[in-house]
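Here is the structure we will look at.
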Amino acid sequence: MSQYPLFYGTGIAIVTPFDASGSIDWNSFEKLIEHWINGGVEYLVVLGTTGESATIHGSEKQEVFSFVKDRVKGRVPLVAGIGGNDTRKLMSEMTSFKLDGYEAILSVSPYYNKPNQEGIYQHYKAIDEVSPRPIIIYNVPGRTGQSMTAETQLRIAKDCKNVFATKEASGSMELIQQILREKPDDFLVISGDDPITLPLIADGAVGVISVVANAYPAEFSQMVRLCLDRKFEEARPLHEKYLEIIASMFAEGSPSGVKAYLSEMGLCQNRFRMPVWPVSDGHLQKIRGLMKVAQ
């Protein structure tokens, strides 16, 4: 068992609810927090990609961190999403946010700049020196434009004292299996892709930071716990139940898909900050059909 057992199981990359004016909908946020905790998930990741962190800045970001901490009241661990493509700015942000109540930081690999692998390594080495919390690195080439190689992630895992895990969303089983095979014993591999969580846990991952669990926290986190208990035959029906739902959440962009589900459940409005936009009417009809089947 790693020295970070809090991060075994299901974390949620939580949405940030907005109202029609584009302001944060704090009442819906409180309702969502209760939905997630009552669903039995192990931890929450605040202001990751699914939380539309790219359009939440400065003091408003701190307001979100503080609001979630105050409403959770220590019932589940919290992870703060703090990432970027300007290393010096990111180092300043990591030391300026008030992160009491947060156990770790999730920090995405630099995007847009497209640094080489040495640049990615040096980026994490720099933030490792100043981070006030342990770090989960995040490889998501579908959003950043390039993948961290297994070699780079392993190098970071071995050299950076505050880095204890990777959220792996490359979709490359070969890459992830290399990390699992060669990583330090206490370094955690966390699935960043809901549909491959079951096979990744079978290979040695410790859980998932999930999107689908925003809407379906109870059953999806139960599926993950069954996998961690090596009860894969019991987990398989739940895994298969949510495959089409997960695909629908990403078919027209995320978090557009998952917020459509949450809106239909009456948990928040189907609102975003541009350039994120709601799913099409046709896709919303498909989502409604999938929700009926999932009941």
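Assorted remarks:
- Any hit, the range 85-99, residues being under 20 Å from residue 45 (Cβ atoms) and touching a residue at least 40 places away in the same chain (Cβ under 8 Å): no
- Count of residues meeting criterion [in contact with a helix residue (DSSP H, G or I) (Cβ under 6 Å, 6 or more places away or on another chain) and aliphatic (A, V, I, L, M)] in the range 189-211: 5
- Condition broken by residue 58, with the remaining ones in (1) at negative phi; (2) at pLDDT below 95 satisfied: (1)
- Some residue of the range 249-264 being buried (at least 17 other Cβ atoms within 10 Å of the Cβ), of a type in the set (Ser, Thr, Tyr) and either assigned to a loop (DSSP other than H, G, I, E, B) or on the phi > 0 side of the Ramachandran plot (or both): yes
- Tally, over the range 50-78, of residues that are aromatic (Phe, Trp, Tyr) and part of a loop (DSSP other than H, G, I, E, B): 0
- Contacts under 6 angstrom Cβ, first residue in the range 219-242 being assigned to a helix (DSSP H, G or I), partner of a type in the set (Asp, Glu) and at pLDDT 95 or above, 6 or more apart: 226/234; 238/219
- Taking residues in the range 267-295 that are under 20 Å from residue 50 (Cα atoms) and without any contact (Cβ under 8 Å) to a residue 60 or more places away in the chain, and partners anywhere that are polar (S, T, N, Q) and in a loop (DSSP other than H, G, I, E, B), the pairs with Cβ atoms closer than 7 Å and at least 6 places apart or on different chains are 278/270.
- Qualifying residue in the range 42-56 (condition: farther than 25 Å from residue 204 by Cα, without any contact (Cβ under 8 Å) to a residue 24 or more places away in the chain and surrounded by fewer than 21 Cβ atoms within 10 Å (Cβ to Cβ)): yes
- Residue within the range 269-278 that is closer than 23 Å to residue 169 by Cβ, out of contact with any strand residue (DSSP E or B) (no Cβ under 6 Å at 6 or more places or on another chain) and of a type in the set (S, T, N, Q) present: no
- Flag if residue 167 is modelled with pLDDT of 95 or more, touching a Phe, Trp or Tyr at 6+ places or on another chain (Cβ under 7 Å) and surrounded by 15 or more Cβ atoms within 10 Å (Cβ to Cβ): yes
- Those residues of the range 204-218 which are crowded, with 24+ Cβ neighbours inside 10 Å, in contact (Cβ under 8 Å) with a residue 60 or more places away in the chain and not in a loop (DSSP other than H, G, I, E, B), in sequence order: 207, 208, 209, 210, 213, 214
- Filter result (part of a loop (DSSP other than H, G, I, E, B) and modelled with pLDDT under 95) within the range 1-43: 1, 2, 3, 4
- Members of the range 1-28 that are surrounded by 15 or more Cβ atoms within 10 Å (Cβ to Cβ) and free of Cβ contacts under 8 Å to residues at least 60 places away in the same chain: 16, 24
- Taking (1) under 20 Å from the mean Cα position of the chain (by Cα); (2) over 21 Å from residue 292 (Cα atoms); (3) surrounded by fewer than 16 Cβ atoms within 10 Å (Cβ to Cβ) in turn, residue 274 satisfies each apart from (1).
- Search result, residues across the range 170-203 that are touching a residue at least 60 places away in the same chain (Cβ under 8 Å) and buried (at least 23 other Cβ atoms within 10 Å of the Cβ): 190
The values are calculated or read from the model by the stated rules, or taken from the named source; none is laboratory data. Predicted model only: the values in this text are computed from it and were never measured. A quick note on method: Cβ atoms are made from the backbone with ideal geometry, for glycine too, and the neighbour counts reach across all protein chains shown.
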